[in-house]
Every structure is written in structure tokens, then in C-alpha cells.
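For reference, the structure discussed in these notes is given below.
The values are calculated or read from the model by the stated rules, or taken from the named source; none is laboratory data. Only a predicted model underlies this, so the values are computations on that prediction, with no experimental measurement involved. FYI the Cβ positions are ideal-geometry reconstructions off the backbone, even for glycines, and counts take in every protein chain you see. Just the protein is used for accessible areas: all its heavy atoms, side chains included, with ligands, DNA and RNA removed. Shrake-Rupley method; radii C 1.70, N 1.55, O 1.52, S 1.80 Å.
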Amino acid sequence: MNEIINDASSLDIHKLAFVGDAVYELVVREKIACKFNYNIGELNKVKVNNVCCKAQSDFFETIKDILTPEELEIYKRGRNFRVKTVPKSASACEYHRATGVESLFGYWFLNKDFERIIEISSKINL
């Protein structure tokens, strides 16, 4: 935690996606907790349906036109990151697009661009 990141875009893309995966899930969990009055099991089902590769891939379609050129470059680096396996629950295309979205959330978080996270997260439709 002592290391200060001056520019998250210089980090390895898999590290951005690693952090972004957690950030995206936390954002979705917050939205679900605030929106639904369900028991924990039902909340978890909604969460799983909204953080899966397909949902993240579909989410890219919602935000692609409002990304800056630099953000689009981060997304593309994440999308094009070579992986050895793809989950059975997703197509290769969905998995790669989801990794691109996670990379964006990691990029924003590590750059402490919380306003952008809030702005983009408002587009998540549960």
C-alpha cells in the first residue's frame, strides 16, 4: 500500500482488470442493496446475473459512445489481453469484452477517478 500510482494506464492490463473486477462487483452490490428489499440469497442471485461476463459485455454497449479515446484504449488493451481459458458460462467474445470493462473500472479506481466511476455506474441498469 506504500506504492503510489501516478498513472494507472502504465500498469499491466491484467492488474487493472484484477482490481476492476472487484470495483465493478462492489458498485453492482451497492446498487442492488439500495434498490431491492430482498433476502441475502435473492440479492446474491441478482448480483451474479449482473457481474457475469455477458452482463459486463452488454454493459460495454451502453457506455462505448461516452468513453474518451484514452478510456477506449484501456478497454481495448483489456479486451485483447490473452487468456488461456474462457469460462463455460461465456463466449470468448463476452469474456474478452468483460475483461475490457473490468480494466476500465480498475483504471478509474487506481487513478482515483471516483467521479467517473459514479458517472459510468449510473448507466448500469439492474
Checklist outcome for this item: If the chain between A33 and S9 were fully extended at 0.36 nm per residue, the gain over the current Cα-Cα distance would be 5.5 nm
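What is the percent carbon and sulfur in the accessible area of the chain, measuring with a 1.4 Å probe over the protein chains and ignoring ligands?
Details: 4260 of 8010 Å².
Using a 1.4 Å probe with all protein chains present, the chain comes out at 53 percent carbon and sulfur.
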Checklist entry - For the chain, what is the charge dipole size about the Cα centre, in debye to the nearest 20, if Lys and Arg each add +1 at the Cβ and Asp and Glu each add -1 at the Cβ? => result 520 debye
Item to check | Under the Debye formula (equal points on every Cα, no solvent term), log10 I(q)/I(0) of the chain at q = 0.13 Å⁻¹ | outcome: -0.51
Checklist outcome for this item: If the chain between T85 and K123 were fully extended at 0.36 nm per residue, the gain over the current Cα-Cα distance would be 10.8 nm
Next on the checklist: So, for the chain, what is the accessible surface per residue at a probe of 1.4 Å, expressed in square angstrom?
Outcome noted: 64 Å²
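Counting each DSSP H run of 4 or more residues in the chain as -39500 (n - 2.57), what helix-only mean residue ellipticity at 222 nm follows after dividing by all residues, to the nearest 500 deg cm²/dmol?
Values: 6 runs with 84 residues, N = 126.
Helix-only estimate at 222 nm: -21500 deg cm²/dmol.
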Item to check | Lysine pair number, Cα distance threshold 15 Å (strictly under), the stretch 16-117, separation 8 or more or different chains | outcome: 7
